[in-house]
Every structure is written in structure tokens, then in C-alpha cells.
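Read through the structure below, which is laid out as C-alpha cells, and then see the notes.
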Amino acid sequence: MINETAKQMKRTGKINSRLKCLQINLQHSRLATDNLLKITQEEGIDILCIQEPYTTGNKLAGLPKSLTVYTSGAGRKRAAIVINNKQTDTIKKNPAHGRRYGGTGNKGWQRHAINC
């Protein structure tokens, strides 16, 4: 996907800003997580909104470290937002305070605020 976007940028001087998003309830299943990763790659999904993700020891499990993952709350994680598109610059904000907590830091690329 990155190569396609780079080619498009050279051809047109613009980046297509359409994002593919998927919302899913994994019911804490490792198998469902594995299937989700396969579908994410096959379909070119940019953003995943996950309810009841697979966890071990109160941490998300089964997701590669190459993905940007946002969760909220202490203890067992009940939801996650996963960014699969490296060209999407994301910033996690605390909705109560409007503070920024971090981001992927790619200047000039798409920027989306993620509220958890």
C-alpha cells in the first residue's frame, strides 16, 4: 500500500485520503485475532476498532508490534483502536482533558485524532 501511495503522489501530487476501517468484536478469541490479521492484510484495512480483544495478563496479545495500538483503562483491555496504515499520523487524546499523549510523527501525512 505504501508503494501504491508513493506512485500516486508522484503521478498526481496528491494522496488519496480514503481510509478503510473495520469494527469487530473478537470475544477475547486468539483464533479470531489471527483471522482478523489475515483479513486486514488481504483487504488493506487501515484502522481497526476492536471490542473484547484477545488478552493475556491484562495486555493485548496476538497483534504484531509493527501496528500502532491504542487502548484505554487499567486492567484487562476491553477495546482497542489499531492503526495498520503507516501513512496515517495518529495522536491519542484524553477526551476529558484534550491532552495529546503520543503519535507516529510523520510530518505532512494524514493526521487523525483517536479518542479512547
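Here are some notes:
- Subset of region 56-71 that is farther than 14 Å from residue 36 by Cα and within 11 Å of the chain's Cα centre (by Cα) - its residue that is surrounded by the fewest Cβ atoms within 10 Å (Cβ to Cβ): 66
- Scanning region 19-60 for residues that are touching a Cys at 6+ places or on another chain (Cβ under 9 Å), in contact (Cβ under 8 Å) with a residue 40 or more places away in the chain and of a type outside the set (D, E, K, R) turns up just one, 47.
- Subset of region 19-38 [closer than 19 Å to residue 88 by Cα, among the hydrophobic types (A, V, I, L, M, F, W, C) and surrounded by 13 or more Cβ atoms within 10 Å (Cβ to Cβ)]: 19, 22, 37
- Among (1) part of a strand (DSSP E or B); (2) touching a residue at least 40 places away in the same chain (Cβ under 8 Å); (3) not small (Gly, Ala, Ser) - the single one residue 85 does not satisfy: (1)
- Of all residues in region 1-51 being hydroxyl-bearing (Ser, Thr, Tyr) and over 15 Å from the mean Cα position of the chain (by Cα), the one that is modelled with the lowest pLDDT: 5
The values are calculated or read from the model by the stated rules, or taken from the named source; none is laboratory data. Source: prediction; values computed, not measured. Because the Cβ atoms are built from the backbone with ideal geometry, glycine has one as well, and the counts that use them run over all protein chains shown.
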